[in-house]
Amino acid sequence: MIDSTAMLIEVIVKKKELRGLDVSFVRNTLEEYFRKNLAVRREFESKAFNEKGAVTKIIVKDVRALLRRVYGLFRTQGIVTKENVETYFSSKYAKRALKELLSLHHSTLERLPFYEQMYQEIFRRTGEPKTILDLGCGLNPLSLPLMGLSEVRYLAYDISKQELAVLDYFFSRVRQQYRGIDASARILDIGDVEAVRHLMSSDVCFMFKVTDHLDRGKGHKKTEDILKVVPARFVVMSFATKTMSGKEMTAPRRGWVEYLCNRLGYSFEVLKFDGEIVYVVRKG
Ligand SMILES: C[S@@+](CC[C@H](N)C(=O)[O-])C[C@H]1O[C@@H](n2cnc3c(N)ncnc32)[C@H](O)[C@@H]1O
């Protein structure tokens, strides 16, 4: 059984846009799919693995669709390369080059007009952090130079292996240029509550536009668990207030976040930007 699951995963990630995904994340998604589709699972397990078999095709199609929903959508703008990163560090027009880098991912692109203001407003509430966790980071770590911090330890996590090499390279250049900054990126499925519990103790934890992917439309238990265990004094969660087609949502505030914080006894402040709402949650 272990073998056929591994073979199935190999087939699932054959698609180019899913190749950079962490295998354990794909495995968890597949297991969750099997839990909900017991008949499909039984059918799959009753036969020897056949890549071209009807049941394999159904599973591959469905699981790819699930993975694309959490992962694929955001990486349609282009791929960041080490060369792009190098352009930033060696360019006379560094700020412009940085903005070009950040325009390669939906979330960071949308934030370009207010990135610096957003960080200033967040840090006005949290105090200047010395330690930061960034969960489901995407390309947000590339905005580190916009945070205005001269001394910080910054650890970023995502399920994308594809961007890890670029982020690693970016951080190595950051370390050369900014002596007080120690930053690194790692692979982690942040749905793993126990792993999150054991992360570095931090002043601030960013969870920008990521909780919807954790909860996957099934209530907010996962976000609640992560919020409770993450070792951070402040957790900063954000949400899009525009739909994918660019329309403003009619009710941009997330009532459930406010209800959850009240229930857990955490105070919060709400910051609004064009297309994004930010909750600065104080745990400690
Ligand atoms: C909408 S993007 C936001 C990226 C970044 N936080 C930002 O706002 O610029 C969502 C990110 O969450 C990551 N993600 C989704 N589920 C995850 C999980 N279970 N563990 C770690 N990262 C996850 C995706 O790979 C993607 O980079």
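The values are calculated or read from the model by the stated rules, or taken from the named source; none is laboratory data. Every value quoted in this text rests on a predicted model; they were computed, and no experiment measured them. Quick reminder, even Gly has a Cβ in these numbers, built from the backbone with ideal geometry, and neighbours come from all protein chains shown. Side chains are part of the model used for accessible areas, which takes the heavy atoms of the whole protein and leaves out ligands, DNA and RNA. Shrake-Rupley method; radii C 1.70, N 1.55, O 1.52, S 1.80 Å.
Residues that are among the basic types (K, R) and either in contact with an Asp or Glu (Cβ under 8 Å, 6 or more places away or on another chain) or closer than 23 Å to R69 by Cα (or both) number at least 1 in the following helices (runs of 4 or more DSSP H) confined to the range 211-274: 221-229. When we screen L167, L155, L133, L112 for residues that are part of a helix (DSSP H, G or I), within 16 Å of the ligand (Cβ to nearest atom) and surrounded by 17 or more Cβ atoms within 10 Å (Cβ to Cβ), the only hit is L167. Of all residues in the range 116-130, those satisfying the criterion of being away from the ligand (no atom under 13 Å from the Cβ) and not β-branched (V, I, T) are E116, Q117, Q120, E121, F123, R124, R125, G127, E128, P129, K130. Within the range 85-94, the presence of a residue that is closer than 18 Å to S172 by Cα, modelled with pLDDT of 90 or more and not assigned by TED's automatic domain parsing to the domain that holds L21 is excluded.
A quick yes/no check of all residues on (1) without any contact (Cβ under 8 Å) to a residue 24 or more places away in the chain; (2) not acidic (D, E):
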| site | (1), (2) |
| --- | --- |
| L167 | no, yes |
| S172 | yes, yes |
| Q176 | yes, yes |
| D182 | no, no |
| I190 | no, yes |
| R197 | no, yes |
| S202 | no, yes |
| F208 | no, yes |
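Among the residues of the range 202-219, which ones are away from the ligand (no atom under 13 Å from the Cβ) and either open to solvent by less than 30 Å² (accessible area, probe 1.4 Å) or outside the structural domain of I277 (by TED's automatic domain parsing) (or both)? Result: S202, V204.
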